[in-house]
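*Asks:* Pasting in a structure now, in C-alpha cells, and then I'll have a few things to ask.
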Amino acid sequence: MRKTGEKGADRIDKEEYFSYLLDTYERLVYSICFKMTGNQFDAEDLTQETFLSIYRNLATFQREYEKAWVCRIATNKGLDFLKSAKRRTEPKEDTYFEELKDQKANPEEAYLQQESKEYVYTICQSLKSPYKEVAVEHFYREKSAKEIAMETEKGVKTIQTQIYRAKGMIRKIMEGRAIG
C-alpha cells in the first residue's frame, strides 16, 4: 500500500486498505452476523452494513487493532438488529397464518433461527447479576426497558443503564469469541 503526501495517493491507499479488510475479514464478519441472526439474508445485509460502516470510519481507525475493530462493528450491527423494532412487530390478522405456514415449510430456517436464539440466551446467561437478568429479558425475550422496569419494579433509567452495560459486556464476549 502506498503512503505519500499526495491527496490522490492517500485516496488510493484508503481504497486499497479497505479492499484488504474486505478480503481478509468478509467471511469472519458474515459468520458473526449469521450466528446472531440465524438467517442468510439478514447476515448478508448486516455484513454489508458492517463494511459500509468500516469504510465510513476508516480515517479514525487504528490499524494495529483491525481485527478487534472489525469484529466490534459486526457485533454492534448484530445486536442492533436483534433489538430492532422491526423484529418485534406483531403480524396482522390476515398474514399471521400465512407467515406461520411459511415458517413450518422451511425447517432449516426454523432450526437456524432457534439456534441463533439459543446462542443469544447462552451469551446472556454468562453475565453476572443483575446484567444477566436484564440481558435475557431485553436481548432474548425482546422486551423494552420500560416493560422490564415495570416487571422488576425498578426505574426505567436503571434498566436502561443495565442494558447499556450488558451490551458492552456482550460485545467483549463476542469479540473474544471472534478473535480467539
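The values are calculated or read from the model by the stated rules, or taken from the named source; none is laboratory data. What you see is a predicted model, and the numbers here were worked out from it, not measured in a lab. In this analysis, Cβ positions are derived from the backbone assuming ideal geometry, glycine residues included, and neighbour counts consider all displayed protein chains. Surface accessibility is based on the protein's heavy atoms, side chains included, excluding ligands, DNA and RNA. Shrake-Rupley method; radii C 1.70, N 1.55, O 1.52, S 1.80 Å.
*Asks:* Could you please give the count of residues in region 23-42 that are touching a residue at least 12 places away in the same chain (Cβ under 8 Å) and either buried (at least 22 other Cβ atoms within 10 Å of the Cβ) or among the charged types (D, E, K, R) (or both)?
*Replies:* 9
*Asks:* Going by what's in this entry, would residue 67 be described as open to solvent by 100 Å² or more (accessible area, probe 1.4 Å) and either at pLDDT 60 or above or not in a loop (DSSP other than H, G, I, E, B) (or both)?
*Replies:* Working: open to solvent by 100 Å² or more (accessible area, probe 1.4 Å): no; either at pLDDT 60 or above or not in a loop (DSSP other than H, G, I, E, B) (or both): yes.
No.
*Asks:* Oh, and also: Taking the criterion of being among the charged types (D, E, K, R), at pLDDT 80 or above, crowded, with 17+ Cβ neighbours inside 10 Å and in a helix (DSSP H, G or I), would at least one residue in region 77-97 satisfy it?
*Replies:* yes
*Asks:* Among the charged types (D, E, K, R), modelled with pLDDT under 80, more than 23 Å from residue 143 (Cα to Cα) and out of contact with any Cys (no Cβ under 7 Å at 6 or more places or on another chain): does that describe residue 101?
*Replies:* Values: among the charged types (D, E, K, R): yes; modelled with pLDDT under 80: yes; more than 23 Å from residue 143 (Cα to Cα): yes; out of contact with any Cys (no Cβ under 7 Å at 6 or more places or on another chain): yes.
Taking the combined requirement at face value, the residue satisfies it.
*Asks:* Name every residue in region 142-180 that is outside any helix (DSSP H, G or I) and under 16 Å from residue 36 (Cβ atoms), in order of residue number. If you could, list the steps in order and put the result at the bottom.
*Replies:* Keep residues of region 142-180 that are outside any helix (DSSP H, G or I), which gives 142-144, 153-155, 180.
Across region 142-180, the qualifying residue is only 142.
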